[in-house]
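Below is one structure, written out as structure tokens; the observations come after it.
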Amino acid sequence: MLNYLLPIGTVVMLKKGNKKLMIIGVKQMEAGNPDVVYDYIGVIYPEGYLGENAVFLFNHDAILDVVHEGYKNPEFDDFVTILGKIQEEMEKTKDNNEEDE
């Protein structure tokens, strides 16, 4: 399950960071490498989006502190549930493909 996911708007400090980041997306793929999915994409807080070279992909385990949690509601909960189901299906497909090889 993906119940650990934080909503967009959450401000965090990473373990190896020196600036806070604000989460602007969840379950993001690295451009040019669709096999790698990160838990979050963030921008520097409070500056915000400064261009494509100033966005940061990171996983939940890299978070040292949640400074402020973003807005959660039933819509967010439904979104996380759907993402979890999609991830489970992708993992099953990957496992089946590996068994066929």
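The values are calculated or read from the model by the stated rules, or taken from the named source; none is laboratory data. Computed from a prediction, not measured in an experiment: that's the story for all the values here. Don't worry about glycine lacking a Cβ; one is built from the backbone with ideal geometry, like all the others, and counts go over all protein chains shown.
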When only residues in segment 78-88 that are more than 18 Å from V36 (Cβ to Cβ) and not β-branched (V, I, T) count, which is surrounded by the fewest Cβ atoms within 10 Å (Cβ to Cβ)?
D78
First in segment 2-17 and assigned to a loop (DSSP other than H, G, I, E, B), second anywhere and surrounded by fewer than 16 Cβ atoms within 10 Å (Cβ to Cβ) and at pLDDT below 95, Cβ under 6 Å, 6 or more apart
L2/L83; L2/G84
Filter result for the condition that a residue is touching a Lys or Arg at 6+ places or on another chain (Cβ under 6 Å), at pLDDT 95 or above and either aromatic (F, W, Y) or closer than 22 Å to L83 by Cα (or both), over Y49, Y40, Y45:
Y45
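Can you find a residue that is exposed (fewer than 13 other Cβ atoms within 10 Å of the Cβ) and in contact with a strand residue (DSSP E or B) (Cβ under 7 Å, 6 or more places away or on another chain) anywhere in segment 25-47? Before the answer, list the steps.
Looking only at segment 25-47, we keep the residues that are exposed (fewer than 13 other Cβ atoms within 10 Å of the Cβ), and these are 30-36, 46-47.
Still in the list and also in contact with a strand residue (DSSP E or B) (Cβ under 7 Å, 6 or more places away or on another chain): 30, 36.
Yes - at least one qualifying residue is present in segment 25-47.
Residue-wise test of (1) touching a Leu at 6+ places or on another chain (Cβ under 7 Å); (2) under 21 Å from L14 (Cβ atoms); (3) in contact (Cβ under 8 Å) with a residue 60 or more places away in the chain.
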site	(1), (2), (3)
A31	no, yes, no
P46	no, yes, no
I63	yes, yes, no
E69	yes, yes, yes
Filter pass, V66 being loosely packed, with under 11 Cβ neighbours inside 10 Å and in contact with a strand residue (DSSP E or B) (Cβ under 7 Å, 6 or more places away or on another chain)
no
